[in-house]
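Input: a single structure, listed below in structure tokens.
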Amino acid sequence: MSKLLIVGTVAFDEIETPFGKTDKILGGAATYIGLSASHFNNVDSAIVSVIGGDFPQEYLDLLTDRNIDISGIEKVENGKTFFWSGRYHNDLNSRDTLDTQLNVLADFNPVVPQHFKNAEVVMLGNLHPNIQISVLDQMTKKPKLVVLDTMNFWMDCALDELKEVMKRIDVITINDEEARQLSGEYSLVKSAEIIHKMGPKYIVIKKGEHGALLFHNNQVFFAPALPLKEVFDPTGAGDTFAGGFAGYMAQQQTVSFHNMKNAVIYGSNLASFCVEKFGTQRMEQLSKDEVDTRLQQFKMLTQFDIELAE
């Protein structure tokens, strides 16, 4: 069994889209990453995070039922769980943050479980770079692969710390807007070249409904997004992608561009389910047969034979 260590938020979300709104529901980057990665056999996953005393046991049971180790989730009994509220615009590509309450996350000092300090793959979910650095410092051996997910907020307020983390990672996953901000370049090819010099060997640039790009040296791979009949809620899609990517790579013996290409497809496949219902609902119900069937659809989407004219 390969070990995957996941670091990120386990939280409450309150979401409004053109299709409806929710009350306070389960959310958080580590939650989505963990649920996504749980679809890979021979991978032991653990989450490092923090919750308050208000966090329901049934949500923790949901994680353990999927064989996710929660011994690294600290519970602050007299504290409140991290909370985010947002409203999506009609195109679902942009949103307004209505409320963010750090609560117990404000004083979070991650503690990696002893039996996961030798994890082969580390997935650093979207958190303050200092927390991500702290986790890497606790590893007893260099992981086979370290994947970093971050966002423009940390580029605005903790850029120096973010650059320190980037020196120690193998893969960064960000969206196109964040890639442009981090690099100062509009062209995503040029952006990838600049970000590569900051440390990551592989750069994954997510483009939402327009797919994802993978860059490594002079190699480029593009994975399309599957056209869907209905998209209800994009929350967590990027984290679900990251979980699929990291889960697939944890299964592999070697780190290569070929395996990374497959990982991008697996991540895109799982993310396509996440958006079909609010919050984690779709990922909670997802079956292996559904995953395999849609994976075949992804294959058919881009598979073609062509004869080049002489």
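The values are calculated or read from the model by the stated rules, or taken from the named source; none is laboratory data. Every value quoted in this text rests on a predicted model; they were computed, and no experiment measured them. Glycine gets a Cβ as well: all are built from the backbone with ideal geometry, and neighbour counts include every protein chain shown. Side chains included, ligands, DNA and RNA excluded: accessible areas come from the protein's heavy atoms. Shrake-Rupley method; radii C 1.70, N 1.55, O 1.52, S 1.80 Å.
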Residues satisfying the stated conditions in segment 205-247, i.e. among the polar types (S, T, N, Q) and either on the phi < 0 side of the Ramachandran plot or part of a strand (DSSP E or B) (or both) = 218, 219, 235, 240
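Take the residues in segment 99-114 that are touching a residue at least 60 places away in the same chain (Cβ under 8 Å) and surrounded by 12 or more Cβ atoms within 10 Å (Cβ to Cβ), then tell me which one is nearest to residue 19 (Cα to Cα).
Taking segment 99-114 and keeping what is touching a residue at least 60 places away in the same chain (Cβ under 8 Å), we get 99, 105, 110-113.
Retained after the next criterion (residues that are surrounded by 12 or more Cβ atoms within 10 Å (Cβ to Cβ)): 105, 110-113.
Values: 105: 30, 110: 37, 111: 39, 112: 39, 113: 40 Å.
The extreme case among them is 105.
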task = Sort out which residues of segment 39-65 are among the polar types (S, T, N, Q) and open to solvent by less than 40 Å² (accessible area, probe 1.4 Å), and write them in order of number.
result = 45, 49
key: Sole exception among (1) crowded, with 21+ Cβ neighbours inside 10 Å; (2) under 17 Å from residue 172 (Cβ atoms); (3) not β-branched (Val, Ile, Thr) for residue 207, by number   = (1)
note = Residue hits (segment 175-234; under 30 Å from residue 278 (Cβ atoms), in contact with a Leu (Cβ under 7 Å, 6 or more places away or on another chain) and aromatic (Phe, Trp, Tyr)) are 222
Condition met for residue 7 (buried (at least 24 other Cβ atoms within 10 Å of the Cβ) and within 12 Å of residue 126 (Cβ to Cβ)) = yes
ask   = Restricted to segment 126-147, and to residues that are in contact (Cβ under 8 Å) with a residue 40 or more places away in the chain and in contact with a helix residue (DSSP H, G or I) (Cβ under 6 Å, 6 or more places away or on another chain), which residue is most open to solvent (accessible area, probe 1.4 Å)?
value = 126
request  = Please work out which residue is farthest from residue 35 (Cα to Cα), limiting yourself to segment 282-294 and to residues that are touching a residue at least 24 places away in the same chain (Cβ under 8 Å) and not in a loop (DSSP other than H, G, I, E, B).
outcome  = 294
